[in-house]
Amino acid sequence: MRDTVNMLREGVPAVALVHEPFRRLAHMAAGQVGMANAPLLIYPRDLVSEETPEDLEAKAREVANEAVQLLLSAGKS
């Protein structure tokens, strides 16, 4: 979270990737460093041992696409 906030303060578009179990902690950490509205991309925890490589790759592509969209929309504000 701190890296994301530091990048944003330098004017570099950034988004924090956060596993679902850490959602509350990420929001709390962002607030503690003075940027409660820092962009977060929350994604579900993977069960690597129960998923095929193809499923994991599809999930990774989806998260990457969401991150790109967040970064592009941040540049428009």
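A short reminder: the numbers here are calculations on the coordinates, not readings from a lab. Note that the coordinates shown come from a computational prediction; the quantities given were computed from them, not determined experimentally. All Cβ positions, even for glycine, are placed from backbone atoms using ideal geometry, and neighbour counts span all protein chains on display.
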Given R₀ = 22 Å, what would the calculated FRET efficiency be for A64 paired with D3, taking r from the Cβ atoms and rounding to 0.05?
0.75
Cα axis of helix 53-75 to longest principal axis of the chain: angle in degrees, 0 to 90, nearest 10?
20 degrees
Mean residue ellipticity (222 nm) of the chain, computed from DSSP H runs ≥ 4 via -39,500 (n - 2.57), nearest 500
-17000 deg cm²/dmol
State the answer as a single residue: which of H19, A67, V33 lies farthest towards the positive end of the charge dipole of the chain, with beta carbon charges of +1 for Lys and Arg and -1 for Asp and Glu, about the Cα centre.
V33
For the chain, which GluC sites (Glu not before Pro) are both in a DSSP coil and crowded by at most 15 other Cβ atoms within 10 Å?
E10, E51
Magnitude of the charge dipole, the chain, Cβ model with Lys/Arg +1 and Asp/Glu -1, debye to 20
560 debye
From the square roots a ≥ b ≥ c of the eigenvalues of the alpha-carbon gyration tensor of segment 2-75, which class results: rounded (a/c under 1.5), prolate (a/b over b/c), or oblate?
oblate
Around V15, with a cut-off of 12 angstrom between Cβ atoms, what is the net charge of the other residues, counting Lys and Arg +1 and Asp and Glu -1?
-2
At a threshold of 8 angstrom on Cα-Cα distance, excluding pairs fewer than six apart, so keeping six or more, what relative contact order does the chain reach in percent?
32 percent
